[in-house]
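The values are calculated or read from the model by the stated rules, or taken from the named source; none is laboratory data. Small disclaimer: the values here were computed from a predicted structure and weren't measured. As a convention, Cβ positions derive from the backbone with ideal geometry for all residues, glycine included, and neighbour counts pool all protein chains shown.
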């Protein structure tokens, strides 16, 4: 069926993940061997899956195969098309980086933690993610989806002796089961319409769904995939689970696990449900705007480095949803060119976010590995003992802030262009929505830049603030290599975007029946264009060259001066004061206070000051300051919902009488009601 060995290479990658899982279990009593097997087999599987994705892109035609399950009506069906290949390529890039990083990161687990069990769950998670992206029927998709949730739960709760970790794991698994329930109901609707659990039958039945059934399917799938992706207001599990997991797992969760929600939206909203009405795109766009703005605002208030990064995942998922929502709207109003550009923006930002967010979590993991803390208030001055980690983290921070010439800028620029084009391409209320969304995206970018000035400045610059950051060393070499791989990807995808854009032709061709990659490239391949008469153009390669030209003389002068004159160390300018100390520096709390005051209506901040006096009330001995913001969604949405569920459960306890006669009566009444309903039909 296939001229290139895509299926065989894919199968070898699956075999590597499977063998790695059971090999780790077999080395239960040999932690050093388990660590090598965990990293080595994951690296092999990632390389093979990446090679399969590249071969699939070269071949250009989907590869399908089917394995009997031994159960009537169900089979293990796989479809390696352009969409599956794109997400598997994203997974492979991260799997390779994390595997290399983990060689050094997991060394501290030896004789302290169960590396064998960690390796088992880790490989099962990689295996399940690969199957999610390639499953061709609802049966296999649901199995892989649930295995992904269970494996991720095992990894999130790896530090299970900590109460915060157990609570985060419980919240994660509850939300995972809710999204699985929504998926099950959505698949039931499509199976009834298509007569089969195969995605091909969904695709054939999608255009013929009634308006009510299509709307119900959209709502169910959007709820399921929004929970998995961490879209506001379904995000509560994400900032709880990501910080408590091991750092390499946090990188995988934020980089690709939450992207299964984006994959599901792309697969079903563009490929299986037919052309959705405009209101569906509006819903996706509005929730995308809310997630982007609120995600970055909550990130600004965080002083836990990993929790800050978790909130930024919510922000970037919102940016991706803006592109998807715009594509859905353009598709239904008859602008396929703009729909393709918006879809490319969303998919490209999916890849870019996976890379730079994985890089940032690995950088945060290196900081935690060396200092033992995630609290930025106790860090500072790490750029001197950890220069490579600081540089990699800085590249990730620039990329996530959407600054040129790195990859985050390119996908956000494409999103801007598609949103601005929506004002002239739509009518009515939708027309006003596009410039509002564009302005909110601009606000998000500015706030993200401010947030990462805080994250990088407080963590790596100035003087050490606590004992944790005074005597640290650079991360092990393998951890630096893993971060370096992703750093080069951020730079390469930014400067060489025009070389990478043709990859999206097969993806837009599959989902929209249109290839626009050639229209987005101008200026002999060095200029990125929107391809529309009134669209903008930009060249990251020229911007990068300009920055290099500006920096080169400075670097040259510094090098010449360093050779001609001896290096001297002196104190930092202190405005005439006797000397600066850590107590004189900005803290994370002080840095974010102006924004906390500006957005006080959202944050509802609370502060408490306690002074301890020794002799005189005018001369306090100690002052304790506490400040926190209101967890709005937990307090106003989830806590009342939890109380309602507990109240209903308490009232329903009366049904559990313990009498067999009562239970038989319940069964009899249920049968009578069902017979009446059937007779009416």
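What about residue 255, is it in a helix (DSSP H, G or I) and either more than 16 Å from the chain's Cα centre (by Cα) or surrounded by fewer than 24 Cβ atoms within 10 Å (Cβ to Cβ) (or both)? Write out each step before concluding.
On the way: in a helix (DSSP H, G or I): yes; either more than 16 Å from the chain's Cα centre (by Cα) or surrounded by fewer than 24 Cβ atoms within 10 Å (Cβ to Cβ) (or both): no.
Considered against the rule, which asks whether it is in a helix (DSSP H, G or I) and either more than 16 Å from the chain's Cα centre (by Cα) or surrounded by fewer than 24 Cβ atoms within 10 Å (Cβ to Cβ) (or both), residue 255 comes out as no.
Would you be able to tell me the number of residues in segment 37-55 that are under 22 Å from residue 125 (Cβ atoms) and either assigned to a loop (DSSP other than H, G, I, E, B) or free of Cβ contacts under 8 Å to residues at least 60 places away in the same chain (or both)?
Total satisfying the criteria: 9.
From the list 353, 335, which residue is modelled with pLDDT of 90 or more, more than 22 Å from the chain's Cα centre (by Cα) and either in the same structural domain as residue 498 (by TED's automatic domain parsing) or on the phi < 0 side of the Ramachandran plot (or both)?
Every option except 335 fails the conditions.
Report, ordered by the first and then the second residue, all pairs with beta carbons closer than 7 Å, sequence separation of six or more or different chains, a first member in segment 65-89 that is assigned by TED's automatic domain parsing to the domain that holds residue 503 and closer than 30 Å to residue 352 by Cα, and a second member that is outside any strand (DSSP E or B) and at pLDDT below 90.
Hits for this filter: zero, empty list.
Tell me yes or no: at least one residue of segment 135-148 is modelled with pLDDT under 95, out of contact with any strand residue (DSSP E or B) (no Cβ under 9 Å at 6 or more places or on another chain), buried (at least 20 other Cβ atoms within 10 Å of the Cβ) and assigned to a helix (DSSP H, G or I).
No, every residue in segment 135-148 fails to be modelled with pLDDT under 95, out of contact with any strand residue (DSSP E or B) (no Cβ under 9 Å at 6 or more places or on another chain), buried (at least 20 other Cβ atoms within 10 Å of the Cβ) and assigned to a helix (DSSP H, G or I).
Can you find a residue in segment 507-516 that is touching a helix residue (DSSP H, G or I) at 6+ places or on another chain (Cβ under 9 Å), closer than 23 Å to residue 355 by Cα and assigned to a strand (DSSP E or B)?
Checking segment 507-516: not a single residue is touching a helix residue (DSSP H, G or I) at 6+ places or on another chain (Cβ under 9 Å), closer than 23 Å to residue 355 by Cα and assigned to a strand (DSSP E or B).
Output yes when any residue across segment 209-224 is touching a residue at least 60 places away in the same chain (Cβ under 8 Å) and under 19 Å from the mean Cα position of the chain (by Cα), and no when none is.
Scanning segment 209-224 turns up at least one residue that is touching a residue at least 60 places away in the same chain (Cβ under 8 Å) and under 19 Å from the mean Cα position of the chain (by Cα).
If you go through segment 397-411 one residue at a time, how many are part of a helix (DSSP H, G or I) and closer than 20 Å to residue 347 by Cβ? Talk me through it step by step, then tell me what you get.
Kept after step one, since they are part of a helix (DSSP H, G or I), are these residues of segment 397-411: 397-400, 407-411.
Filter once more, so that each one left must be closer than 20 Å to residue 347 by Cβ: 399-400, 407-411.
Total meeting the criteria: 7.
Of the residues 121, 103, only one is surrounded by 19 or more Cβ atoms within 10 Å (Cβ to Cβ) and more than 25 Å from residue 261 (Cβ to Cβ); which?
When all the criteria are applied, what remains is 103.
Pick out the one residue from 293, 333 that is over 28 Å from residue 489 (Cα atoms), in contact (Cβ under 8 Å) with a residue 60 or more places away in the chain and out of contact with any strand residue (DSSP E or B) (no Cβ under 7 Å at 6 or more places or on another chain).
333
Do the conditions hold for residue 92, that is, is it in a helix (DSSP H, G or I), at pLDDT below 85, in contact with a helix residue (DSSP H, G or I) (Cβ under 9 Å, 6 or more places away or on another chain) and closer than 17 Å to residue 7 by Cβ?
Criteria not met by residue 92.
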